[in-house]
1. Can you give me the distance in nm between label points at residue 32 and residue 48, each placed 7 Å from the Cα along the Cα-to-Cβ direction?
2. Size of the stretch 142-250 along its principal axes in angstrom, Cα-based, largest extent first?
3. Can you give the % of DSSP beta bridges in the chain that are antiparallel, to the nearest 5?
4. Once fully extended, how much extra length lies between residue 204 and residue 132, figured as 0.36 nm per residue of separation less the alpha-carbon to alpha-carbon distance?
5. Could you sort the peptides 100-111, 162-173, 191-202 by per-residue average Cβ neighbour count (10 Å cutoff), highest mean leading?
6. Using only Cα atoms, tell me the angle between helix 142-153 and the longest principal axis of the chain; keep it within 0 to 90° and round to the nearest 10.
7. So what are the three principal axis dimensions of the stretch 3-138 from its Cα atoms, in whole Å, longest to shortest?
8. Using the alpha carbon gyration tensor of the stretch 73-188, what are the three equivalent-ellipsoid semi-axes (square root of 5 times each eigenvalue), largest first, in whole Å?
């Protein structure tokens, strides 16, 4: 539905509606759609129309953790427009999806807690109106699917997903946050209470960062342990990922 722009745009302001022709995409893919503008009762000068992806990100402070919507990968789709009264103006677009975009679907299932949307931004007379956000399904890449399926095959239970603000030590990232996909423990590896998996995808390979909560014993306290695996796309089908991860988890 059309959404009226902010009152700052003037009396009888314009309206905007964004329609996604691509309801689902994989990281690195393109979302196609159209932004529709409808003029109000007076002519208006629109300086810019842009789109950005939005997801919920958690921010850790000294004593608490908060979360909020965070926009990323802002893409201008049109420059200045003189929108006449009652006029209709369509802006088709193709929006590139960054490879590090959080995934929201895996193996036909929604990842609990994961969400991504496309937000429309319209600038009129110096005022910025962030229009409605349209939900977008982001499916796992083949390499991500292989890793997640192998972890489930080892008896770990998919629990939730969220995004954390910040960087990963020693890992090159493009986005200022990263997604964690949490699994509850497996009877096969009872020394691990839970594991969190983060993917940092690139054009030719994928880093898999695994953080495990290791149980304590009589002589030592529980602690977090880490592992990093580099997955090359061209050798993806040549590796028994369940066997390889089984060994990595066993040595943690």
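1. 2.7
2. Ordered largest first, the stretch 142-250 gives principal extents of 45, 32, 23 Å.
3. Numbers: 80 of 85 bridges.
Looking only at bridges with both residues in the chain, the antiparallel portion is about 95 percent.
4. Details: separation 72, 0.36 × 72 = 25.92 nm, distance 3.44 nm.
The span from residue 204 to residue 132 would gain 22.5 nm if fully extended.
5. Details: 100-111: 18.0, 162-173: 14.2, 191-202: 19.8.
Ranked from most to least packed, the peptides come out as 191-202, 100-111, 162-173.
6. Tilt relative to the chain: about 40 degrees.
7. Sorted largest first, the three principal extents are 47, 38, 20 Å.
8. Values: eigenvalues 286, 49, 30 Å².
Equivalent ellipsoid of the stretch 73-188: 38, 16, 12 Å, largest first.
Taken together, the values in this text are just the output of simple stated rules run on the coordinates, not laboratory data. Computed from a prediction, not measured in an experiment: that's the story for all the values here. Positions of Cβ are generated from backbone atoms using ideal geometry, with glycine treated the same way; all protein chains shown enter the neighbour counts.
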